[in-house]
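The values are calculated or read from the model by the stated rules, or taken from the named source; none is laboratory data. Predicted model only: the values in this text are computed from it and were never measured. Virtual Cβ from ideal backbone geometry, glycine too; neighbours counted across all protein chains shown. Please note that ligands, DNA and RNA were not included when accessible areas were found on the heavy atoms of the full protein model with its side chains. Shrake-Rupley method; radii C 1.70, N 1.55, O 1.52, S 1.80 Å.
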Amino acid sequence: QVQLVESGGGLVQPGGSLRLSCAASGTIVSRYTMGWYRQAPGKERELVASITSSVRTMYAESVKGRFTISRDNAKNTVYLQMNSLSSEDTAVYYCNAAPIVTMNWGQGTQVTVSS
């Protein structure tokens with residue numbers, strides 16, 4: 001039974017920063033490529049960043065240069081540092097295996113970027 005718990009979202013002003021956390025149980029995330037996904041209102045789910053077991057990273061063009069994905073293997077946790085946020089980043093953010101989803105979805109964490 002794999003459980004993923006996302007946290008760290010909230011309301012932030014344009015240009016601000018947030019750090020999201022994905023705490024996993026029932027699996028060891030360092031064994032897999034893990035990703036952060038987001039779903040904005042009226043939009044398809046989008047993979048925005050991923051990190052492999054060898055710590056290779058990938059970013060969608062929309063977030064490249066602003067977001068950084070990382071892992072803490074001792075805590076079995078994946079992070080997403082988000083900087084220079086804009087209203088286009090408003091979405092519910094989820095973590096899961098990437099690019100193919102193989103784990104149960106968590107509840108996600110809401111990120112709202114607004115003045």
Being within 16 Å of G106 (Cβ to Cβ), out of contact with any Cys (no Cβ under 7 Å at 6 or more places or on another chain) and charged (D, E, K, R), is that true of even one residue in region 10-21?
no
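Find the strands (runs of 3 or more DSSP E) located wholly in region 1-90 whose residues include 1 or more that are touching a residue at least 60 places away in the same chain (Cβ under 8 Å) and open to solvent by less than 60 Å² (accessible area, probe 1.4 Å), and list them. Before you say what the answer is, go through the steps one by one.
Details: elements: 3-7, 10-12, 18-25, 34-39, 46-51, 57-59, 67-72, 77-82.
Answer list for region 1-90: 3-7, 10-12, 18-25, 34-39, 77-82.
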From (1) surrounded by fewer than 17 Cβ atoms within 10 Å (Cβ to Cβ); (2) part of a loop (DSSP other than H, G, I, E, B), pick out the condition that doesn't hold for M103.
(1)
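Looking at region 84-97, can you tell me whether even one residue there is of a type in the set (D, E) and over 17 Å from L20 (Cβ atoms)?
Just the residues of region 84-97 that are of a type in the set (D, E), to begin with: 88-89.
Then drop every residue that is not over 17 Å from L20 (Cβ atoms), which leaves none.
Scanning region 84-97, I find no residue that is of a type in the set (D, E) and over 17 Å from L20 (Cβ atoms), so the answer is no.
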